[in-house]
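Q: This structure is in structure tokens; I'll ask about it shortly.
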Amino acid sequence: MGVTQKLGDLGVVTTTLETAINWARTGATWPLLFGLACCAIEYMSTQGGRYDLARFGMELNRASPRQADLMIVAGRVTRKMAPVVRNLYDQMANPKWVIAMGDCASCGGVYNNYAVVQGVDEIIPVDVYVAGCPPRPEQLMHGILTLQEKIMGEKIKDWA
Amino acid sequence: MQIKPAIDPIEAVSAALPGALHSVVQYAGETTLVVEVAHLLKVVSYVRDTAGLIYNYLSDISAVDYYEPTGGIGNRPARFAVNYHIYSMLYNRRLRLKVYVDEGDDGSKPVVPSIVKVWPAGNWLEREASDMMGIVFEGNPDQRRLLMPDDWQGHPHRRDYPLGYETVQFSFNVEEIMKHKPFAKD
């Protein structure tokens, strides 16, 4: 017994493979469970009951980079921590995306000194930058929705 | 048990170890004994073990870079100084020992004897000062860096170390900075 017989005539939806894959990816982009500084507190708040990131299908943090699709760099990256962050990024399976959360991850923020990387884009490619020190949960959610828009616009011919 | 009343550390040290003290600074109720580097270990052991002094707790070791040692306030005898902040739990009072030390003529790092044999707690404190200020603590059992990565060049707390590695961006120089900024490739 097919679906049409059971529920009545649902009609047919036609779409492209590209759209279908991109749509599937947006709703289940699991972030990697790690935070580096005070931005991680706002990040936790975003996932909590009040702001409820689960609405966008992105509340499930994976503690292993092998299972994560999205890296949210929440906080300043020191030069000593940079190889670790790059290592985590390399261990994530494709496709993978990066959000630089907050001023420190985006451009070094107030820490313009010898110890802090001036923007995490010096070590890993970044898709979305979220400004703020730290960004409010709404701002992070806007960054995540912006990333979902970006994923929806991806083309099969650009995939490696 | 009879506890010996506290004695004055300045008089005691200058009487017991003649020639060990370079000078004495008393300011804001704090006593600083400026010690000759060659006599540091003797002074450190003496103030720890002598009845009436018993400075038995090492709070901190800090290093200073005065950069222009001669002239100015205090007329420093050398560029670098190492401070030992020590505390007597018995008499509830503090003392600061200070040694001045200079770089070698050939630019070699300044050398201070390690006090790890007297206070084992000084190990990491000395390593921090050594990492940040480039002072060699001779006799420290672990000469690795404490805070910075192992392959780091230079010593960040020195006055002649650059503050940051990127100029602050403004609208007039942003293009110049972006030209040199390294961006990661996928």
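The values are calculated or read from the model by the stated rules, or taken from the named source; none is laboratory data. Small disclaimer: the values here were computed from a predicted structure and weren't measured. So basically every Cβ, Gly included, is an ideal-geometry build from the backbone, and we count neighbours across all protein chains shown.
Condition check ((1) closer than 19 Å to B:D60 by Cβ; (2) within 13 Å of chain A (Cβ to nearest Cβ); (3) small (G, A, S)) across all residues:
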| position | (1), (2), (3) |
| --- | --- |
| B:E126 | yes, no, no |
| B:M132 | yes, yes, no |
| B:Q143 | no, no, no |
| B:V174 | no, yes, no |
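Q: A further question on this structure: Out of curiosity, is B:R94 within 14 Å of another protein chain (Cβ to nearest Cβ) and of a type in the set (D, E, K, R)?
A: no
Q: Could you say whether any residue in segment A:54-75 is within 14 Å of chain B (Cβ to nearest Cβ), closer than 27 Å to A:R25 by Cα and surrounded by 14 or more Cβ atoms within 10 Å (Cβ to Cβ)?
A: yes
Q: Continuing with the same structure: For residues that are surrounded by fewer than 17 Cβ atoms within 10 Å (Cβ to Cβ) and modelled with pLDDT of 90 or more, tally how many sit in segment B:57-69.
A: So the answer is 3.
Q: Within the set of pairs 6 or more residues apart or between chains, which connect a residue that is free of Cβ contacts under 8 Å to residues at least 24 places away in the same chain inside segment A:91-119 to a residue that is among the β-branched types (V, I, T) with Cβ atoms less than 7 Å apart?
A: So the pair list comes out as A:N112/B:V168.
Table: residues versus (1) within 14 Å of chain A (Cβ to nearest Cβ); (2) farther than 22 Å from B:V43 by Cβ; (3) under 16 Å from the mean Cα position of the chain (by Cα).
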residue: B:E103; (1), (2), (3): no, yes, yes
residue: B:S114; (1), (2), (3): no, no, yes
residue: B:A121; (1), (2), (3): no, no, yes
residue: B:D151; (1), (2), (3): yes, yes, no
residue: B:D160; (1), (2), (3): yes, yes, no
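Q: Now for a different question. Here are B:Y100, B:Y84: which of them is of a type in the set (F, W, Y), closer than 20 Å to B:N123 by Cβ and buried (at least 17 other Cβ atoms within 10 Å of the Cβ)?
A: Step by step, each of B:Y100, B:Y84 is checked, and only B:Y84 is of a type in the set (F, W, Y), closer than 20 Å to B:N123 by Cβ and buried (at least 17 other Cβ atoms within 10 Å of the Cβ).
Q: Run down B:I86, B:I61 and say which single residue is within 18 Å of B:A129 (Cα to Cα), of a type in the set (A, V, I, L, M, F, W, C), without any contact (Cβ under 8 Å) to a residue 60 or more places away in the chain and not in a loop (DSSP other than H, G, I, E, B).
A: B:I86
Q: Go through segment B:159-169 and report how many residues are within 16 Å of A:D103 (Cβ to Cβ) and not polar (S, T, N, Q).
A: So the answer is 3.
Q: Pull up segment B:8-23, narrow it to residues that are loosely packed, with under 15 Cβ neighbours inside 10 Å and not in a helix (DSSP H, G or I), then point me to the one that is nearest to the chain's Cα centre (by Cα).
A: B:S23
Q: Which of (1) within 14 Å of chain A (Cβ to nearest Cβ); (2) under 17 Å from the mean Cα position of the chain (by Cα) does B:K109 not meet, given it meets every other one?
A: Looking at each condition in turn, B:K109 falls short on (1).
Q: Additional query: I'm checking my understanding of the structure. Among residues of segment A:110-127 that are surrounded by 20 or more Cβ atoms within 10 Å (Cβ to Cβ) and more than 7 Å from chain B (Cβ to nearest Cβ), which one is nearest to B:D131 (Cα to Cα)?
A: Ranking the candidates gives A:V116 first.
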